[in-house]
Amino acid sequence: MIVVMKSGADPEEIEKAKATMIELGYQPHTIEGLLRTVIGAVGDERGKPEDVEALSILNGVEKVIPILPAHKLASREFKQEDTEVKVKDAVVGSNKIPVIAGPCSVESEQQLMEIAHAIKKSGATMLRGGAYKPRSSPYTFQGMGVEGLKLLAQAREETGLPIVTEILDPHDLDSVVQYADVLQIGARNSQNYALLKEVGKSGKPVLLKRGMSTTIKEFLMCAEYILSEGNEDVMLCERGIRTFETATRNTFDLNAIPVLKERTHLPIIADPSHGTGYWQYVTPMALASIAAGADGIIVEVHNNPEVAVSDGGQSLKPKKFAELMQKAAAVAKAVGREL
Ligand code: PEP
Ligand code: MN
């Protein structure tokens, strides 16, 4: 249920509406809009008629909308304006399209610093790099762990780029939070509800990837786990889904971008690297994503992809990344946005 307050409702009226919701057994989540305050009532009950009535008659209440979609807090019904997630000086979800770039895995100081400086020079907004890697085989490289996090922090120091890095295990939360600016939840963990709740409590912005067999509806429910813990800084990432097609690593679901933009106020980031699995398809799909309305892109870049410990085949060399940036700026401009 959503309680829409009149524009100009005073703070006491808003507090009274929230207190009434609590009395009725709901949990209020408040959104202060530009014109008015909206309060989402989260609870198992889907707005009993007597509860709707009790709230409708309160002073300062304009209307009560009884039904909320299952993805309550993520829904456009709950919040019409686009959410802007601030990461240091960058804003995700505004007219400006941030580009997150960097290696799949942090491998060494030399590798990371070289890539970080190169992407910075081309105009990237944030640096990505995995210190804990979710590998399909337990026998392959699992990531540098805390040493990798320290290298990411060093790269931030040298370039000023905020850090996006994956968290795999709630046990690592304290150390990852200490170094990261954005916590990435990978595709394999997108429905790990215990982990989602933990990052929901972390107070850090979250980049939530879509699971490889997660529907858009389920994806929004994953975001709901983070939002319902009080963390509003959630970015959704389309990274391809598993289909019968084998010509590409995944099937990049370009449709998901406009569908998500319609259903949620959360910013959408496109990951054409994992979405395609081949470096030569990354730039075309990055451009298509911007044209389709993505609020940002995340791209794997490696200085020496032939010897990369993970995802070399889908990584752009710095020169190709620089070209992508040029083309992306032109496409952004064509759709009324900027890079
Ligand atoms: C990654 O970003 O390197 C990664 C493992 O991505 P995904 O979870 O989308 O497979
Ligand atoms: Mn990767």
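The values are calculated or read from the model by the stated rules, or taken from the named source; none is laboratory data. As the structure is a prediction and not an experimental result, all values here were calculated from the model. Positions of Cβ are backbone-derived with ideal geometry, glycine not excepted, and every protein chain shown enters the neighbour counts. All accessible areas refer to the heavy atoms of the entire protein, side chains included, with ligands and DNA or RNA removed. Shrake-Rupley method; radii C 1.70, N 1.55, O 1.52, S 1.80 Å.
Couple of notes before you dig in:
- Any hit, region 197-212, residues being within 13 Å of ligand 1 (Cβ to nearest atom) and either in a helix (DSSP H, G or I) or basic (Lys, Arg) (or both): yes
- Matching residues in region 26-49 - criterion: being at pLDDT below 90 and in a loop (DSSP other than H, G, I, E, B): Gly33, Leu34, Leu35, Arg36, Gly43, Asp44, Glu45, Arg46, Gly47, Lys48
- Condition met for Ala194 (within 26 Å of Ile241 (Cβ to Cβ), more than 15 Å from ligand 1 (Cβ to nearest atom), in contact with a helix residue (DSSP H, G or I) (Cβ under 9 Å, 6 or more places away or on another chain) and of a type outside the set (Ser, Thr, Tyr)): yes
- Residue that is farthest from Lys150 (Cα to Cα), among those in region 94-113 that are aliphatic (A, V, I, L, M) and away from ligand 1 (no atom under 16 Å from the Cβ): Ile97
- Apart from one condition, Ser105 fits all of (1) open to solvent by less than 10 Å² (accessible area, probe 1.4 Å); (2) among the polar types (S, T, N, Q); (3) under 19 Å from Ile269 (Cα atoms); the exception is (3).
- Given (1) open to solvent by less than 10 Å² (accessible area, probe 1.4 Å); (2) outside the structural domain of Glu107 (by TED's automatic domain parsing); (3) of a type in the set (A, V, I, L, M, F, W, C), index of the condition Leu339 fails: (1)
- Looking across region 269-290, the residues that are open to solvent by 10 Å² or more (accessible area, probe 1.4 Å) and either under 11 Å from Asn250 (Cα atoms) or within 16 Å of ligand 2 (Cβ to nearest atom) (or both) come down to His274, Gly277, Tyr278, Trp279, Tyr281, Met285.
- Contact map, region 120-143: residues that are under 16 Å from Asp271 (Cβ atoms) and not assigned by TED's automatic domain parsing to the domain that holds Ala90 paired with residues that are within 12 Å of ligand 1 (Cβ to nearest atom) and not in a loop (DSSP other than H, G, I, E, B), Cβ distance under 8 Å, separation 6+ or inter-chain. No pairs are found.
- Only one entry of Ala41, Ala9 meets the criterion of being in contact with a helix residue (DSSP H, G or I) (Cβ under 7 Å, 6 or more places away or on another chain) and in contact (Cβ under 8 Å) with a residue 40 or more places away in the chain, and that entry is Ala41.
- Filtered residues of region 224-259 (kept if of a type in the set (Asp, Glu) and farther than 18 Å from Asp311 by Cβ): Glu224, Glu229, Glu232, Asp233, Glu245, Asp253
- Number of residues in region 309-334 that are of a type in the set (Gly, Ala, Ser), within 16 Å of ligand 2 (Cβ to nearest atom) and either touching a strand residue (DSSP E or B) at 6+ places or on another chain (Cβ under 6 Å) or not assigned by TED's automatic domain parsing to the domain that holds Ala116 (or both) equals 2.
- Subset of region 230-257 [within 16 Å of ligand 1 (Cβ to nearest atom), of a type in the set (S, T, N, Q) and open to solvent by 40 Å² or more (accessible area, probe 1.4 Å)]: Thr243, Thr251
- Residue check for Lys48: over 29 Å from the mean Cα position of the chain (by Cα), open to solvent by 100 Å² or more (accessible area, probe 1.4 Å) and among the basic types (Lys, Arg): no
- Residues of region 129-183 satisfying the condition of being open to solvent by 20 Å² or more (accessible area, probe 1.4 Å) and within 16 Å of ligand 2 (Cβ to nearest atom): Tyr132, Pro134, Arg135, Ser136, Ser137, Thr140, Phe141, Gln142, Gly143, Met144, Leu168
- Odd one out for Asp89, checked against (1) away from ligand 1 (no atom under 16 Å from the Cβ); (2) more than 28 Å from Met325 (Cβ to Cβ): (2)
- Tally of residues being within 16 Å of ligand 2 (Cβ to nearest atom) and in a loop (DSSP other than H, G, I, E, B) across region 64-113: 4
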